[in-house]
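Enquirer: Take this structure first; my questions come after.
The values are calculated or read from the model by the stated rules, or taken from the named source; none is laboratory data. Please read these numbers as outputs of a predicted model, since none were measured by experiment. Here Cβ is always computed from backbone atoms with ideal geometry, including for glycine, and neighbour counts include all displayed protein chains.
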Amino acid sequence: MKKNYFEHLNKQEKEILVNKGTEAPFSGDYNDHYDAGVFVCRACSNILYESTSKFNSGCGWPSFDDEIPGAINRYEDKSLFIERVEICCSKCDGHLGHVFTGEKVTKKNTRHCVNSLSIRFIAHNNLEQATFGAGCFWTVQNIFSNTPGVYDTQVGYMGGETENPNYQQVCEGNTMHAEVVRVVYDSREVKYKDLLDIFWNNHDSTTKNMQGGDIGTQYRSIIFCYSLLQKEAAEKSMIDHQKKINNTICTEIVSDQFFYRAEEYHQDYLNKNNLGLCSL
């Protein structure tokens, strides 16, 4: 069953995100908000905009001249008998506002006019990232994206030598890239140790280069660490997990490498296609 991202919203938030309403100009919390961080969808926590893309347009609503790649859907809107372009969150399709071009108010010549009630701000110093490979990245992303405190997940390729690989190349097994999920999380709400527990408990870390019926180096069990603290935590968690099982763990724990974002159709694949988890 497809997840209902809107059930936790209050009446005013649903009016914007679900019913495509508009808040009064100059009434929103984020109209004059310029702290360093990111703006996420209030419904599903998908990261939409970096604070560096926000500018004062004087229109009365939060304005951005760029978006996180893949974060925004665009739709033709003729509801007011004029042609406009509606913008919605790419994950939950919640209404954000409209985008305008040609106004020459920034060098990028673009203005995303967004309702404050459709977004939420997270300061940069509270966000951290982690990357895991645990088999088919469709399932792994679905598991992490439904974890409280996780604000963004992206599937991609990591750990190999081929630059800008595509899915077919990775499946052929010559790139040495693993299918991975990059997780952005608020460390105040969920700890790295908790993410490690989810990692160990949702795949077989004792089968080399395979998960269930999926066979190949791209399906190997691997943790990419972004700091010495993450590496130490990952190694300790592996020792602790090994004590609970009989077979020998073959998970790789390595330093972070360049993350190649997978093709758009792979992102949030199970949810977009209303599918259950792949078997591991």
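Enquirer: So is residue 122 at pLDDT below 95 and not in a helix (DSSP H, G or I) or not?
Expert: Yes.
Enquirer: Also, quick follow-up: Just to be sure before I move on: is residue 223 buried (at least 23 other Cβ atoms within 10 Å of the Cβ) and β-branched (Val, Ile, Thr) in the structure I sent?
Expert: It is true that residue 223 is buried (at least 23 other Cβ atoms within 10 Å of the Cβ) and β-branched (Val, Ile, Thr).
Enquirer: Now a separate question. I'm checking my understanding of the structure. Among residues of region 185-203 that are touching a residue at least 60 places away in the same chain (Cβ under 8 Å) and buried (at least 19 other Cβ atoms within 10 Å of the Cβ), which one is farthest from residue 267 (Cα to Cα)?
Expert: The qualifying residue farthest from residue 267 (Cα to Cα) is 192.
Enquirer: Scan region 1-27 for residues that are farther than 22 Å from residue 186 by Cβ and surrounded by 14 or more Cβ atoms within 10 Å (Cβ to Cβ) and jot them down.
Expert: Selection gives 14, 15, 16, 18, 20, 21, 22, 23.
Enquirer: Being touching a Cys at 6+ places or on another chain (Cβ under 7 Å) and farther than 25 Å from residue 188 by Cβ narrows it down to one of 102, 58, 97, 135, so name that one.
Expert: Only one candidate passes the filter, namely 97.
Enquirer: Note down all Cβ pairs under 7 Å where the first residue falls in region 222-234 and is modelled with pLDDT under 95, the second is surrounded by 14 or more Cβ atoms within 10 Å (Cβ to Cβ) and acidic (Asp, Glu), and they're at least six residues apart or on different chains.
Expert: Going by the 7 Å Cβ cut-off, the qualifying pairs are 226/256.
Enquirer: Which residue, of 218, 242, 211, is among the polar types (S, T, N, Q), surrounded by 15 or more Cβ atoms within 10 Å (Cβ to Cβ), assigned by TED's automatic domain parsing to the domain that holds residue 146 and free of Cβ contacts under 8 Å to residues at least 40 places away in the same chain?
Expert: It is 242.
Enquirer: In this structure, is residue 268 closer than 22 Å to residue 152 by Cα, of a type outside the set (S, T, N, Q) and surrounded by fewer than 19 Cβ atoms within 10 Å (Cβ to Cβ)?
Expert: Here the answer is no, as residue 268 does not meet what is asked.
Enquirer: Do we find a residue being closer than 30 Å to residue 25 by Cα, touching a strand residue (DSSP E or B) at 6+ places or on another chain (Cβ under 7 Å), assigned to a strand (DSSP E or B) and not acidic (Asp, Glu) anywhere in region 148-161?
Expert: Yes, region 148-161 contains at least one residue that is closer than 30 Å to residue 25 by Cα, touching a strand residue (DSSP E or B) at 6+ places or on another chain (Cβ under 7 Å), assigned to a strand (DSSP E or B) and not acidic (Asp, Glu).
Enquirer: Out of all the residues in region 42-52, which are free of Cβ contacts under 8 Å to residues at least 40 places away in the same chain and either touching a Leu at 6+ places or on another chain (Cβ under 8 Å) or over 16 Å from residue 118 (Cα atoms) (or both)?
Expert: Selection gives 52 alone.
Enquirer: Taking the options 87, 47, name whichever one is farther than 19 Å from residue 183 by Cβ, surrounded by 13 or more Cβ atoms within 10 Å (Cβ to Cβ) and not assigned by TED's automatic domain parsing to the domain that holds residue 263.
Expert: 87 is the lone residue from the list that is farther than 19 Å from residue 183 by Cβ, surrounded by 13 or more Cβ atoms within 10 Å (Cβ to Cβ) and not assigned by TED's automatic domain parsing to the domain that holds residue 263.
Enquirer: Please tell me if residue 71 is touching a strand residue (DSSP E or B) at 6+ places or on another chain (Cβ under 9 Å), in the same structural domain as residue 179 (by TED's automatic domain parsing) and not β-branched (Val, Ile, Thr).
Expert: no
Enquirer: Identify the single condition in (1) under 12 Å from the mean Cα position of the chain (by Cα); (2) at pLDDT below 95 that residue 130 does not satisfy, given that it satisfies every other one.
Expert: (2)
Enquirer: Pairs only if they're at least six apart or on different chains, beta carbon under 7 angstrom, first in region 62-77 and farther than 20 Å from residue 184 by Cα, second of a type in the set (Phe, Trp, Tyr); list them, first residue then second.
Expert: 62/30; 63/55; 64/49; 65/55
Enquirer: Right, next: What helices (runs of 4 or more DSSP H) lie completely within region 162-280 and have 2 or more residues being under 30 Å from residue 125 (Cα atoms) and under 18 Å from the mean Cα position of the chain (by Cα)?
Expert: 192-201, 269-272
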